[in-house]
Amino acid sequence: MLKSKNLVFLGPPGAGKGTLSEVLLRDEKLAHISTGDILRAEIAQGTELGKSAKALMDQGKLVPDQIVADMVAARLTQKDCDEGFILDGFPRTVAQAKLLEEAAAKTGRTIDKVVLFDAPRDLLIQRLTARLTCRQCKASFNKLFAKPAKDGICDHCGGELFQRSDDSLETAQNRLKVYDEQTAPLIEFYTQNGLLATIDSSLPKDQGYAALLAVLNA
Ligand code: ADP
Ligand code: ZN
C-alpha cells in the first residue's frame with residue numbers, strides 16, 4: 001500500500017508520466033485517468049467531441065478546460081477510484097486545477113500528492129519524436145530508447161504500434177510551448193498548497209520508478 005494514493009502526475013509531454021503510470025499500475029490497484037487517452041478514444045469512436053478535439057490536439061493546443069474537467073469529474077464518481085487514482089495529464093491549467101478541486105470535493109476525494117516529472121527539453125523532443133504507441137493497450141515504446149522486441153508490434157498485447165499524429169517535431173515543439181505557457185504555472189500552484197514533489201524523469205525507467213515510489217511513500 002502506498003502512503004499517497006490519490007495522485008496527479010504533472011510534467012511536460014515526453015517526461016514519462018504515461019510510462020511510469022504503466023509500471024506503477026502493475027504493482028498497485030489504482031484507476032488510471034489519462035485525459036489524452038480518453039480524448040483519443042473519443043476520436044477513434046468518431047464522436048462530435050472527438051472531432052473537435054482532434055483539430056486542437058493535432059496543433060498541440062489544449063482542449064477547452066470545461067470539457068476535460070467534465071470528463072474527469074464523471075470518471076471520479078466511479079467506484080474503482082475508491083482504491084486510489086492517477087490523474088495523468090490533468091490538470092493542465094490553473095483553471096483545470098480549480099475545477100478539479102470542485103469535482104474532488106463533490107465525490108469526497110482529496111489529492112494526496114502531485115508528482116512533477118522533470119526532464120531537460122532536448123530529451124523531451126527526442127523522446128516524443130521517437131515514440132511509438134500501441135493502438136490496443138496504449139503502451140508506449142521508443143525507436144531509440146525502448147525498442148519493442150519485434151518491429152511494429154507491442155510486447156505486452158501484440159497490438160500494432162503507430163506514431164501519434166501529435167508526435168511530429170512541429171507539434172511536439174508546440175506542445176512544449178503550450179506546457180510552458182499554460183501548465184508550468186501549476187508548479188507554483190501546487191508548491192503553495194504543499195502537494196508538490198519532484199522526480200528526475202531523465203533517469204532510466206527502473207531508476208525513475210524507484211524515485212517515484214520513494215516520493216509516494218514519503
Ligand atoms: P502528452 O502527455 O504526451 O502531452 P496527452 O496524451 O496527455 O499527451 O495529451 C495529448 C493532447 O490531448 C494534448 O496535447 C491536448 O491537446 C489534449 N489534452 C490532454 N489532456 C488535456 C487537458 N487536461 N486539457 C486540455 N487538453 C488536453
Ligand atoms: Zn499493447
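See the values below:
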quantity	calculated
Virtual paramagnetic centre 7 Å along Cα→Cβ of residue 202, amide N under 17 Å, in region 1-28	11-17
The chain: C-alpha gyration tensor shape, a/c 1.5 cut-off, then a/b vs b/c	rounded
Farthest toward positive dipole pole in region 38-132 [+1 Lys/Arg, -1 Asp/Glu at C-beta], among 41, 96, 120	120
Nitroxide proxy distance, nm - points 7 Å out along Cα→Cβ at residue 94 and residue 56	1.9 nm
For 58, 166, 151, order by how many other beta-carbon atoms lie within 10 Å, fewest first	151, 58, 166
Dipole magnitude of region 37-89, debye to nearest 20 (Cβ charges: Lys/Arg +1, Asp/Glu -1, about Cα centre)	240 debye
Neighbour-count order for 28, 102, fewest beta carbons within 10 angstrom listed first	102, 28
Dipole of region 73-143 [Lys/Arg +1, Asp/Glu -1 at C-beta], most positive-end residue of 111, 74, 130	130
Rounded to 5, the percent of DSSP beta bridges in the chain classed as antiparallel	30 percent
Label point distance in nm, residue 147-residue 122, each placed 7 Å from Cα along Cα→Cβ	2.3 nm
Neighbour-count ranking [beta-carbon atoms within 10 angstrom, fewest first] of 164, 26	26, 164
Partners for residue 54 among lysines (Cα-Cα distance below 18 Å; same-chain residues under 8 apart left out)	138
Simple Cβ-charge dipole of the chain, Lys/Arg +1 and Asp/Glu -1, about Cα centre, in debye nearest 20	240 debye
Of 51/79; 113/205; 17/61, pairs whose Cα-Cα distance is over 25 Å	51/79
Electrostatic dipole magnitude of region 121-218 [Cβ: Lys, Arg +1; Asp, Glu -1; Cα centre; debye, to 20]	300 debye
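Rule-based calculations on the coordinates, nothing more; no lab input. Owing to the predicted nature of the structure, the values given are computational and were not obtained by experimental measurement. No Cβ is skipped: glycine too gets one built from the backbone with ideal geometry, and neighbour counts run over all protein chains shown.
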